Amino acid sequence: MLYGAYNGTLTVASGFTNSGTLLLRSYGTVGCRRSRLDISSGALTNAVGGVIQATGNVDSAVVNGQVLNNGFIETPRRLTINLGAGNTLVNNGFIRPGGSGATGRLDITGNFINGINGVIDIEIDGTTAGTSYDLLAISGTGTMGGTLNLHEIGAWTVSTSENYTPITCGSSCSGTFATALPTFGDQGTITVNAGNVQYSVTASGFGKLWDGDGNDALWQNPANWVGNTLPTSTDDVLIDTGATGGPALITVTSSSGSQSARRVLTYENLTLSAGSLSLGSAATDSSTINGTLTIWGGTLDGAGELTVNGGFYWASGTMSGNGKTIIGSGVTAGTIHTSDYGVAEPVLTRTLQNNGTIRHEGGYFNNSLTINTGGTLDNQASSVYR
C-alpha cells in the first residue's frame, strides 16, 4: 500500500510484477496529499489476479510509467496513469473506472489497447460522464477489442434515446469490440467513433419478465412469462415478485426440457430438478441469483458466469459447460449433499468457485462429489469448504 501523505511518492528503479493488491491511498486537499508511484524504467506488470486501486478522499493518485494489465485496475478514486512518451497500456485483464458498484474516472496519458482478453466494465448511475457513470479517458490513441460491458447500478435505469460516452480518445479511437453487451434487458448500439465510444439506447425494458400467471412456478410453462413465450438464449431474464418487504420469496423450478437465457437476474429462489438450464454463450454473460440455488438433478450449463448470493444446495445433477458458478461471500451455509440412497451423486465439469462457506455432507450410500475433466473446485483463500 502506498499512503499519500504530503505528496507521498514511491520511486521504483525498474519495472516489477504485482500479484497482490497495489493500493494508492490519497488523503487531504487535492495537490497536498496524494500518492504517486514512479517507475524509472521497465514496466509495471499487473499479473492475473493482481489489483491496482486508488482510494482515499481525494482524486489525485498517479502512476508514472508503463503498465501492462492482466489483472484488475479498479479506481474508487480518480487515478491517472502517465505511461510516458510513446508507451501503451495493453489491457488483457479488467478495467473498472470507479471500482465495482460505484462510478468514477480513469485517465490514461498515452495510448491504450484493449486486447483480445481485455474487459472494460462500465457502470451507469446517471448521465454525467466520470461522475454518475464511468469514464475511461485516453489522451492518445485507443484501440478497441475484447469486451465492453455496460451495467446499471443503484436505482438508475437507462431510457430509450439516451446516449452515453464511456470512453474518450484525445488522438483517435479505432477498432471493434469482439463482444459488447448493453445494459441488462435493454437494446442499444455501441459505436467506436473517431474521438470516443458511444452507447446509444435504442429500446429499454426488453428483458424477459416473469409474471407467474401460470400459477405453477415452472420455468418451462410459457404462461409464467410476459408475452406467454419462453426465454431464449438471447434473452435477459428478470425474476422478481416485488420490492423488499413485499411478497415472500417464491421458488421457480426448471424441471423439464432444454431451457436457456443469455443472462438471469433473480431475487427469488431457483431450483433445477431435471432437464437442462443453459446460461450464457460467452464468459461475459453474467447471471446473478440473489435467492437460493438448489440443484436436485438435471444439468446446469452454458458459458456464462453465475453468481449465487443467497443460498446454495446441491444434491444431484451436473454442472457443466465452459462457464463458472461462483458461490458469493454472503453464502454462509451452502451445502453439497451426497448421502441419499438411489440418488446420483453431483458431478462437476465446470468451475465452481467458492467465496463463501460450503459444507459437504456425505453418508452411508453416497459420499462423493465427482469432478470430471474440465471441472475445477476453486476454494478461495477467505472461504470455507468442510
Notebook entry, point to check: Which residue, of GLY342, GLY362, GLY321, is out of contact with any strand residue (DSSP E or B) (no Cβ under 7 Å at 6 or more places or on another chain) and either farther than 20 Å from VAL264 by Cα or at pLDDT 90 or above (or both)?
Noted result: GLY342
Note to self: Show me the strands (runs of 3 or more DSSP E) found entirely inside the range 84-154 where at least 2 residues are within 21 Å of SER171 (Cα to Cα) and assigned by TED's automatic domain parsing to the domain that holds ALA47.
What the structure shows: 88-91, 94-97, 105-109, 111-114, 135-138, 141-144
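Can you tell me which residue within the range 345-359, out of those that are hydroxyl-bearing (Ser, Thr, Tyr) and in contact with a Gly (Cβ under 7 Å, 6 or more places away or on another chain), is modelled with the lowest pLDDT? Reasoning before the result, please.
First pass over the range 345-359, keeping only residues hydroxyl-bearing (Ser, Thr, Tyr): 349, 351, 357.
The next check asks that each one be in contact with a Gly (Cβ under 7 Å, 6 or more places away or on another chain); those that pass are 349, 357.
Details: THR349: 96, THR357: 93.
Ranking the qualifying residues of the range 345-359, first place goes to THR357.
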Note to self: For GLY98, only one of the following conditions fails: (1) closer than 22 Å to THR80 by Cα; (2) out of contact with any His (no Cβ under 9 Å at 6 or more places or on another chain); (3) modelled with pLDDT of 90 or more. What is its number?
What the structure shows: (3)
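Do we find a residue being in contact (Cβ under 8 Å) with a residue 60 or more places away in the chain and in the same structural domain as THR376 (by TED's automatic domain parsing) anywhere in the range 299-312? Explain how you work it out, then say what you get.
Initially, the range 299-312 is screened for residues in contact (Cβ under 8 Å) with a residue 60 or more places away in the chain, giving none.
The answer is no, given that none of the residues of the range 299-312 is in contact (Cβ under 8 Å) with a residue 60 or more places away in the chain and in the same structural domain as THR376 (by TED's automatic domain parsing).
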Next item on the list: Filter the range 180-217 for residues that are assigned to a strand (DSSP E or B), buried (at least 16 other Cβ atoms within 10 Å of the Cβ) and not small (Gly, Ala, Ser) and give the result.
Entry: LEU181, ILE190, VAL192, ASN196, VAL197, GLN198, TYR199, VAL201, LYS208, LEU209, TRP210
Checklist line | Unmet requirement for SER159, which otherwise passes all of (1) assigned to a loop (DSSP other than H, G, I, E, B); (2) of a type in the set (Gly, Ala, Ser); (3) not assigned by TED's automatic domain parsing to the domain that holds GLY99 | finding: (3)
Next item on the list: Test THR103 against the stated conditions and say whether it is crowded, with 22+ Cβ neighbours inside 10 Å, closer than 21 Å to GLN53 by Cβ, among the hydroxyl-bearing types (Ser, Thr, Tyr) and in contact with an Asp or Glu (Cβ under 6 Å, 6 or more places away or on another chain).
Entry: yes
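The values are calculated or read from the model by the stated rules, or taken from the named source; none is laboratory data. This one's a predicted model, so the numbers in the text were calculated from it and none came from an experiment. Heads up, the Cβs are rebuilt from the backbone with ideal geometry, glycines too, and the neighbour counts pull from every protein chain shown.
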